[in-house]
Amino acid sequence: MKKKRDGFTLLEMAIVLFIISLLILIIIPNLTKQRHNVNSIHQRAMVNVIQTQADLFENETGYPASNLEQLYDKQYLTSSQLKAAEKNHIEINHGQVRKN
């Protein structure tokens with residue numbers, strides 16, 4: 001008569017842990033790379049938003065924006081946009097937006 005087997009053998013557990021370890025080794029570097037990609041996309045998007053607002057400011061006033069605070073004071077940027085731009089070291093130079 002066969003005995004009913006409960007649980008897993010040590011070999012089965014070792015194989016499962018090995019597979020999980022491999023998956024973790026594959027996933028973690030990709031997560032770090034994706035986080036870097038997301039940050040660079042966000043920075044480019046912020047530059048585009050601020051450039052659009054600087055262009056709108058120039059079209060409406062007739063002269064280029066000189067700095068981010070001017071756009072904020074004239075309500076072309078929100079406080080969160082201003083903080084994000086300062087955090088990402090985005091500047092305006094003669095109406096052109098660039099990241100330092």
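Coordinate-derived values only; no laboratory data. The structure displayed is predicted, hence computed values, not measured ones. A quick note on method: Cβ atoms are made from the backbone with ideal geometry, for glycine too, and the neighbour counts reach across all protein chains shown.
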(message) If I take R0 = 35 Å and measure r between the Cβ atoms of K33 and E86 in this structure, what FRET efficiency does the formula 1/(1 + (r/R0)^6) give, to the nearest 0.05?
(response) 0.85
(request) Show that you can apply the helix-only estimate: for the chain, add -39,500 (n - 2.57) for every DSSP H stretch of four or more residues, divide by all residues, and state [θ] at 222 nm to the nearest 500. (result) -23500 deg cm²/dmol
(request) Just add up the charged neighbours of G62: K/R +1, D/E -1, any other residue whose Cβ is under 14 Å from the Cβ of G62. (result) -2
(message) Restricting to DSSP loop positions (anything but H, G, I, E, B) with no more than 12 other Cβ atoms inside 10 Å of their own Cβ, which chymotrypsin sites (Phe, Trp or Tyr not before Pro) remain in segment 1-99?
(response) F8
(request) Within the set of other residues whose C-beta is less than 14 Å from the C-beta of R44, count the net charge using Lys and Arg as +1 and Asp and Glu as -1. (result) +2
(request) Provide the descending list of Cα extents for the chain along its principal axes, expressed in whole angstroms. (result) 95, 21, 18
(request) Work out how much length L11 to Y63 would gain on full extension: take 0.36 nm times their residue separation and subtract the Cα-Cα distance, in nm to one decimal. (result) 11.3 nm
(message) Along the Cα→Cβ direction, 7 angstrom out, place labels at S21 and S79. What is the inter-label distance in nm?
(response) 5.1
(message) I want to verify a result. In a Gaussian network model of the chain, Cα cutoff 10 Å, which of these has the top mean-square fluctuation: N30, N67, N88?
(response) N30
(request) Please work out the FRET efficiency for the pair H42 and Q96, using the Cβ-Cβ distance as r and a Förster radius of 22 Å; give the result to the nearest 0.05. (result) 0.65
(request) Please find, in a Gaussian network model of the chain (springs between Cα atoms separated by less than 10 Å), the residue of N39, N59, N48 whose mean-square fluctuation is greatest. (result) N59
